[in-house]
Amino acid sequence: MAAGGFCKLPNGMVVVALNLPSPAVDGPGAVRVLVHSVNRARALTRLRNLGLRSVYLRGNAAPPTPDEITAVLHHPDGLVWRRAPGSEIRGTELAQELWHPIRTLVRQPATPA
């Protein structure tokens, strides 16, 4: 079951955070995705348009932390990801991993020339 949540900002916009299985075949087991959008429905639509079809937000069990909100607000696309909490990267803590743009997670397969 994917954990997720949202936070409404003072300007009326929202930041949605979701823990999802990785769509990449050789990628990590689970990822934390952050989306900055006008509302929750629009945030989920942005993810579905990228190919993550079965993305739903039920409840507010894992809302974004203040650090996560800052990360997504400072990214030009307003859509970032990193490995889900609780996973380790070659023996290092998760806090040392940087946020990645979503295009690095959901790359289109290269067409043969």
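The values are calculated or read from the model by the stated rules, or taken from the named source; none is laboratory data. What you are looking at is a predicted structure, and each value in this text was computed from that prediction instead of being measured. We place every Cβ from the backbone using ideal geometry, glycine too, and count neighbours over all the protein chains shown.
Condition check: at pLDDT 90 or above and surrounded by fewer than 17 Cβ atoms within 10 Å (Cβ to Cβ). Does H36 satisfy that?
Values: at pLDDT 90 or above: yes; surrounded by fewer than 17 Cβ atoms within 10 Å (Cβ to Cβ): no.
No.
Inspect region 33-44 for any residue being basic (K, R) and closer than 21 Å to L98 by Cβ and give the result as yes or no.
First pass over region 33-44, keeping only residues basic (K, R): 40, 42.
Of the ones still in play, those that are also closer than 21 Å to L98 by Cβ are none.
Within region 33-44, none of the residues are basic (K, R) and closer than 21 Å to L98 by Cβ.
Suppose we filter E68, E97, E88 for residues that are modelled with pLDDT of 80 or more and farther than 14 Å from V15 by Cβ; which single one remains?
On the way: E68 fails: farther than 14 Å from V15 by Cβ; E88 fails: modelled with pLDDT of 80 or more.
Exactly one of E68, E97, E88 is modelled with pLDDT of 80 or more and farther than 14 Å from V15 by Cβ, namely E97.
May I ask you to list the residues in region 63-76 that are out of contact with any strand residue (DSSP E or B) (no Cβ under 6 Å at 6 or more places or on another chain) and in a loop (DSSP other than H, G, I, E, B)?
Those that are out of contact with any strand residue (DSSP E or B) (no Cβ under 6 Å at 6 or more places or on another chain) and in a loop (DSSP other than H, G, I, E, B): T65, H74, H75, P76.
Restricting to region 39-62, and then to whatever is over 13 Å from G5 (Cα atoms) and in a loop (DSSP other than H, G, I, E, B), can you tell me which residue is modelled with the highest pLDDT?
Result: L50.
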